[in-house]
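Read through the structure below, which is laid out as structure tokens, and then see the notes.
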Amino acid sequence: MQQVMLICRPGFEAEAGQELTDQAASVGVFGYFQPVRNSGLVRFSIAGDEKPEELMSRLALGDLVFVRDWFAILGDCPLPAQDRVGAVVEFLRDRNWDGTLCARVEVRLPETNADRDLGNFSKKWMAPLSKGLRGAGLLKADANAVSRGRLEILLTGFEQAIIGFSLAGNRSPFVGGVPRLRLSASAPSRSALKLEEAWKVFLPRDRWLDYLGGGKKAVDLGAAPGGWTWQLVNQGMMVTAVDNGPMQPELMASGHVEHVEADGYAWRPKRAVDWMVCDIVDKPRRTARLAVDWMAGKRCRYTVFNLKLPMKKRYEEWLACRELIIEGLAEAGLNCRLSARHLYHDREEITCFIERLD
Ligand SMILES: C[S@@+](CC[C@H](N)C(=O)[O-])C[C@H]1O[C@@H](n2cnc3c(N)ncnc32)[C@H](O)[C@@H]1O
């Protein structure tokens, strides 16, 4: 049975599995999934003859919301303590692995791993493993050579790994699928990391200046205490922060922030701005309608907003919000790009991005 390993936030296995089942069906690949509760891992089994890489090349990871990363599974590999590298070499040779496909190997751990010894081992193991695989001709000779794929080794314990490969340009851009962002001591809240990750995920790296630079104007709805506003100010923007709660005084002292005490759902700017961001905890469809209203009225060009998902039917709620947004933007006659993702720093919410393209 051909399988794809899906990686998601622990607790969201059913959503990731449902999403891939639907998306795969939309490109003519049928299958089913086996979630292991709270593992952050889902095996998606393909029912037909398609190979995992065929399915993965018909879909873009960037279009999936709950699947944060994925790789094609080659199989489960026991790792005997006396020669783990040898076991991986043998495993790949048994499968006639083509050593020209990958230049590098990545060793990753399940997000739920709490075993520090295994964490230390995974880091130390990288060098001898890479050397062993390269020496055996199972990786390209030059680690920096352009390659179609990357070998993936998911260590589920000292004695067991799931081995597979991911495809260049269609996998998480972060090492191990986890963006390692550092929270600055001056950030007013941890939420600041969410907006930073959203930009990293949604904005092309070489165009950050176009999106964020040049002294843009922004509105932050539900801004207090100011983590998102702080990120916008750090990009040189002038920000209107709408919230009845208090903003961090140091941030207000920057002179870049106007604090408006009002209801974020009702308040509108007198003039259009570049960015509207919204982190209000409320019903997701209400926030989705708000975003459509701002875009339809051309009150902003870009928006990042959170949809706080309910405990049950989280996937269905996202589908309902997506339909509402797509229909709303179409009714307004706008050409927009909508992206959404369950970010690493998101919990019971997903983050959406819309940009007007004309
Ligand atoms: C999750 S916090 C926002 C955190 C903020 N993004 C940060 O980075 O510090 C949600 C905020 O939404 C505000 N809020 C809730 N309902 C609101 C509404 N209808 N209008 C404006 N703000 C609202 C709350 O006062 C709270 O400060």
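Throughout, read-outs are computed from the coordinates displayed, never taken from laboratory work. Only a predicted model underlies this, so the values are computations on that prediction, with no experimental measurement involved. Here the Cβ positions follow ideal geometry from the backbone for every residue, glycine too, while neighbour counts run over all protein chains shown.
Helix 192-202 and the longest principal axis of the Cα set of the chain meet at an angle near 70°. Take every pair of alpha-carbon atoms less than 8 Å apart whose residues are at least six positions apart; their mean separation over the length of the chain yields a relative contact order of 13 percent. The H on the amide N of V260, modeled in the peptide plane, is under 5 Å from the matching H of A241, V242, D243, each at least 5 residues off or on a different chain.
Positive end of the dipole of segment 3-177, charges at C-beta (+1 Lys, Arg; -1 Asp, Glu), about the Cα centre: which of L6, W125, G177 has its Cα farthest in that direction? Result: W125, furthest along the dipole toward the positive end. Take the Cβ atoms of M1 and D210, set R0 to 56 Å, and the FRET efficiency comes out at 0.80. A cut-off of 5 Å between modelled amide H atoms, ignoring neighbours fewer than 5 places along the same chain, links F71 with M5.
Each residue of segment 92-101 was assigned a 3J(HN,Hα) from its phi angle through the Karplus expression (A = 6.51, B = -1.76, C = 1.60, θ = phi - 60°), giving 6, 4, 4, 9, 6, 4, 7, x, 8, 6 Hz with x at Gly and Pro. Distance distribution P(r), segment 196-236, all Cα-Cα pairs, bin width 10 angstrom from 0: 27, 57, 16, 0 percent. Computing Rg and the Kirkwood Rh from the Cα coordinates of the chain gives a ratio, Rg/Rh, of 1.02.
Checking every one of the GluC sites (Glu not before Pro) in segment 148-225 against DSSP loop status and a limit of 13 other Cβ atoms within 10 Å picks out E159.
Here segment 71-166 has an Rg and Dmax of 12.5, 35 Å, counting Cα atoms alone. Taking every DSSP bridge with both residues inside segment 192-356, close to 45 percent are antiparallel. Within the chain, DSSP assigns beta bridges of which about 65% are antiparallel (rounded to the nearest 5). Each 5 Å bin, from zero up to the one with the longest distance, holds this percent of the alpha carbon pairs of segment 192-356: 2, 9, 19, 23, 22, 16, 7, 2, 0.
Scalar couplings 3J(HN,Hα) for segment 25-37, obtained by applying the Karplus form with A = 6.51, B = -1.76, C = 1.60 to θ = phi - 60°, are 4, 5, 10, x, 10, 10, x, 9, 10, 10, x, 10, 3 Hz; x denotes Gly and Pro. The trypsin sites (Lys or Arg not before Pro) of segment 261-290 meeting both criteria, a DSSP state outside H, G, I, E and B (loop) and at most 16 other C-beta atoms within 10 angstrom of the site's C-beta, are K270, R271. The phi-based Karplus calculation (6.51 cos²θ - 1.76 cosθ + 1.60; θ = phi - 60°) puts the 3J(HN,Hα) values of segment 122-129 at 4, 6, 5, 6, 3, 5, x, 5 Hz, whole numbers, x for Gly and Pro.
Report, in whole Å, the centroid distance computed from the Cα atoms of segment 60-85 and segment 251-300. Cα centroid to Cα centroid, the span is 40 Å.
Relative intensity of segment 3-177 on a log10 scale, I(q)/I(0) at q = 0.14, 0.16, 0.20 Å⁻¹, equals -0.73, -0.96, -1.42, per a Debye sum over C-alpha point scatterers of equal strength in the absence of solvent. For segment 232-329, the set of GluC sites (Glu not before Pro) satisfying both a DSSP loop assignment and a count of at most 13 other C-beta atoms within 10 Å is given as E261.
Residue pairs exceeding 30 angstrom between C-alpha atoms, taken from K194/K283; K123/K312; K200/K298; K200/K283; K131/K194; K51/K283: K123/K312; K131/K194; K51/K283.
Which of rounded, prolate or oblate describes segment 176-260 when judged by the alpha-carbon gyration tensor and an a/c cut-off of 1.5? Taking the square roots of the gyration eigenvalues as a ≥ b ≥ c, segment 176-260 is oblate. A Förster radius of 22 Å combined with the Cβ-Cβ distance from A262 to D282 puts the calculated FRET efficiency at roughly 0.90.
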